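The values are calculated or read from the model by the stated rules, or taken from the named source; none is laboratory data. Please read these numbers as outputs of a predicted model, since none were measured by experiment. Cβ coordinates were reconstructed from backbone atoms using ideal geometry, including for glycine residues, and neighbour counts include every protein chain displayed. Surface areas here come from the heavy atoms of the whole protein model, side chains and all, with no ligands, DNA or RNA. Shrake-Rupley method; radii C 1.70, N 1.55, O 1.52, S 1.80 Å.
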Amino acid sequence: MPIQTNIFAIILMLRLSFIDIQILHPISILNTTDSILLNVLRLDKINEVVSGNKWFKLQYYLQDAVKNNINTIATFGGAYSNHIAATAFACKEYNLKCVGIIRGDESQTSHTLKFAKECGMQLIFISRENFRNKDAVKEKYKTNNWYWINEGGYGIMGSQGAASIMQYIPQNTTHIIAAIGTGTTFAGLIKAALPHQKIIGINILKGNTSINNEINNLLTEEEQQKSFEIINQYHFGGYAKHPKELIEFMKQLWIENNLPTDIVYTSKMMFATLDLISKKYFPAESKIVAIHSGGLQGNFSLPPNTLPF
Ligand SMILES: *Cc1c(COP(=O)(O)O)cnc(C)c1O
């Protein structure tokens, strides 16, 4: 990245400096004799409304749009997309217009979409079928001169933005764990990892065999040689699937550690982390940071009072 006044990073840092609560949240680990330390990086605390990794992923795209004199951001997402909420809010904050291409029909009125609309996002609903062909959608609106951001913020600039998450992680950390959706955040962490650090990604999608390629496409050949692993066993049935066992785990995590998680990403990542610790995946004395990537939008799809937070 060229050295430039990174206004979004500065704003983020200011926000972070006003947080008086610890951004590293220690988690008590029972039944281990390996003196393993586990902290959760609470990116969910960076902003009350829109939390987590989506901010980091958006920063360079928004700068790039401004640099190219484009004043409208357009992107894709579903009715409960954290990325849609974050894009809408970020554009409002930075006086950019924005358009959300939403999968499904207009009858859905999710909390997320209401919020996006209140932020000023123009919503365009398209069928699931048409949603799959993103190039055709872009072609349709070609004359509008919009700045397109991929679904979920996937892309090299997104991962470069996510790399800046590393500045909040102590250097003596040995293992960093994050949930994988598009893999953009994971790729960013790999970019920023120090030689003694291993990055572990918990894939929350089931049977997504192209993920390795999609991640490699965001990395240079040199970065592909760094220490990382993608773990596929913790999807709990697939994207946003939340069996009772997972909901029970989320309640327990809240009661014992005061840690709120979401059904799509962070609950599965935390479950995996604790399960891997109990299965001795980590060497003794490991210092682990699990990234709470924020985004509690998925929980709004649950019936009221399912969760205590
Ligand atoms: C979007 C999201 C992710 C996935 O991030 P990717 O960069 O797409 O892999 C993880 N956690 C939360 C809370 C998210 O909203």
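Quick rundown of the values:
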{"item": "For the chain, cysteines whose Cβ has no other cysteine Cβ within reach (under 4.7 Å)", "result": "Cys119"}
{"item": "Accessible area expressed per residue, the range 113-241, with surrounding protein chains retained (probe 1.4 Å, Å²)", "result": "50"}
{"item": "Computed label-point distance, nm, for sites Lys142 and Lys244 using a 7 Å Cα→Cβ extension", "result": "5.4"}
{"item": "Angle between the chain longest axis and helix 7-17 axis [Cα atoms, degrees, rounded to 10]", "result": "40"}
{"item": "Cross-link pairs beyond the 21 Å C-alpha cut-off, checked among Lys54/Lys142; Lys54/Lys117; Lys57/Lys244; Lys45/Lys279", "result": "Lys54/Lys142; Lys57/Lys244; Lys45/Lys279"}
{"item": "Surface share of carbon and sulfur [accessible, 1.4 angstrom probe, percent] for the chain", "result": "51"}
{"item": "Rg/Rh ratio calculated on Cα atoms of the range 135-243 (Kirkwood radius)", "result": "1.03"}
{"item": "Highest to lowest packing among 242-248, 153-159, scored as the average C-beta count within 10 Å", "result": "153-159, 242-248"}
{"item": "Histogram of C-alpha separations across the range 114-169, 5 Å bin width, %", "result": "4, 13, 17, 20, 20, 15, 7, 4, 1"}
{"item": "Residue of Arg128, Arg103, Arg42 that the Gaussian network model of the chain assigns the largest fluctuation, springs spanning Cα pairs under 10 Å", "result": "Arg128"}
{"item": "Relative frequency of Cα-Cα separations exceeding 38 Å in the chain, percent", "result": "10"}
{"item": "Fraction of antiparallel bridges per DSSP, the chain only, in percent to nearest 5", "result": "10"}
{"item": "Most fluctuating residue given options Glu93, Glu106, Glu222, as computed from a GNM of the chain linking Cα atoms under 10 Å", "result": "Glu222"}
